[in-house]
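Right, one structure below, let's go through it.
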Amino acid sequence: MSINLTIDFDFDAFEAEVYAAARAVFAKLQNDRPDELFYTFNFCTGDVMQEVYIYVNTEEELDHFARSELQRDDRYLDVPFEDFRTYWRYQPSSLMLIYNKSEAEFAKRFAKANDLLWSLKSQIEEMEDELLNDEEVDEDDYYEALFETVYEPIEERLNSVLLRLDNEGAFEITNTRGNIHLGVMQSNWDYDMLPGPFEDINPAESCRRYEQDAAVFQRVGAAIFG
């Protein structure tokens, strides 16, 4: 049975708020670290879109993280350092997480956008309770409709923000565009895989580099964890 979901959400207002906030926050991050090379900028959302937060990283932070991990676990000692470093390049646990509870500047800038998402989350919960208690509603049909009505359009808006900022050169304060990879991720991704290369928002050069890194990720992961 096809399900048509009706939600009260202003996608245009959401995109405008995220754009204004991200433009300021991404610039501040780079200006605060003028001697570092940022190589990735990502939006991430929760399982039911309750808020937007950011994963970013610099080459210098990645190097520091990889060396710390080598000291922490001797299983890593047999892996060449450059491969080991690449293994962690796009894993969330190695990236700098910027979100409401960790950064006052982020919380202030993204407050309106995240208020919109929390309101949407409440709508989804109420709708879910009502629809899934209806024996005639198939759960798979409901979640497919939810994806098409909520998840997919919000992801498209976040992509749109990244593309707008990219066109303005917002990510190139400390690095060149070919060395930077942008992404829109879900917090419940499969950590056994990398989620990119996000070909719709990155140039071919960046995507090729990401695919090469993903191959190293798989090879090193198999070597370490079997």
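The values are calculated or read from the model by the stated rules, or taken from the named source; none is laboratory data. It should be emphasised that the depicted structure is a prediction, and the values quoted were computed from it without experimental measurement. Every residue, glycine as well, gets a Cβ built from its backbone with ideal geometry; the counts of neighbours run over all protein chains shown. To get the accessible areas, we keep the full protein, side chains included, count just its heavy atoms, and leave off ligands, DNA and RNA. Shrake-Rupley method; radii C 1.70, N 1.55, O 1.52, S 1.80 Å.
Out of SER68, SER94, one residue alone is within 23 Å of the chain's Cα centre (by Cα) and among the polar types (S, T, N, Q). It is SER94.
Of all residues in the stretch 92-112, those being open to solvent by less than 20 Å² (accessible area, probe 1.4 Å) and at pLDDT below 90 number 3. Within the stretch 140-154, the residues that satisfy the criterion of being in contact (Cβ under 8 Å) with a residue 60 or more places away in the chain and under 12 Å from PHE11 (Cα atoms) are THR149, VAL150, TYR151, PRO153, ILE154. Quick check: is even one residue across the stretch 187-199 surrounded by fewer than 16 Cβ atoms within 10 Å (Cβ to Cβ) and aromatic (Phe, Trp, Tyr)? Checking the stretch 187-199: at least one residue is surrounded by fewer than 16 Cβ atoms within 10 Å (Cβ to Cβ) and aromatic (Phe, Trp, Tyr). Restricting attention to the stretch 18-62, the residues being in a strand (DSSP E or B) and touching a residue at least 60 places away in the same chain (Cβ under 8 Å) number 11.
Of the residues making up the stretch 166-205, just one is farther than 25 Å from ALA222 by Cα and of a type in the set (Phe, Trp, Tyr), namely PHE171. Restricting ASP166, ASP129 to those that are crowded, with 16+ Cβ neighbours inside 10 Å, outside any loop (DSSP other than H, G, I, E, B) and without any contact (Cβ under 8 Å) to a residue 60 or more places away in the chain reduces the list to ASP166. Checking each residue in the stretch 174-186 for being surrounded by 18 or more Cβ atoms within 10 Å (Cβ to Cβ) and charged (D, E, K, R) picks out no residue at all. Contact map, the stretch 196-218: first residue under 17 Å from GLN91 (Cα atoms), second residue of a type in the set (S, T, N, Q) and open to solvent by less than 40 Å² (accessible area, probe 1.4 Å), Cβ cut-off under 6 Å, separation 6 or more or different chains; pairs are ASP213/THR86; VAL216/THR86. Scanning the stretch 141-191 for residues that are in contact with a helix residue (DSSP H, G or I) (Cβ under 8 Å, 6 or more places away or on another chain), among the hydrophobic types (A, V, I, L, M, F, W, C) and more than 30 Å from ASN31 (Cβ to Cβ) turns up LEU146, VAL150. Across the stretch 2-17, not a single residue is classified as touching a residue at least 40 places away in the same chain (Cβ under 8 Å), loosely packed, with under 15 Cβ neighbours inside 10 Å and touching a strand residue (DSSP E or B) at 6+ places or on another chain (Cβ under 8 Å). Flag set for GLU155, criterion: within 17 Å of the chain's Cα centre (by Cα), among the acidic types (Asp, Glu), surrounded by 15 or more Cβ atoms within 10 Å (Cβ to Cβ) and closer than 30 Å to THR86 by Cβ.
If you scan the stretch 82-107, which residues turn out to be out of contact with any helix residue (DSSP H, G or I) (no Cβ under 7 Å at 6 or more places or on another chain), assigned to a helix (DSSP H, G or I) and free of Cβ contacts under 8 Å to residues at least 60 places away in the same chain?
Taking the stretch 82-107 as the starting set, the residues that turn out to be out of contact with any helix residue (DSSP H, G or I) (no Cβ under 7 Å at 6 or more places or on another chain) are 82, 91-93, 95, 97, 101-104, 107.
Narrowing the set further to residues that are assigned to a helix (DSSP H, G or I) leaves 82, 92-93, 104, 107.
Across the stretch 82-107, the qualifying residues are GLU82, SER93, ALA104, ALA107.
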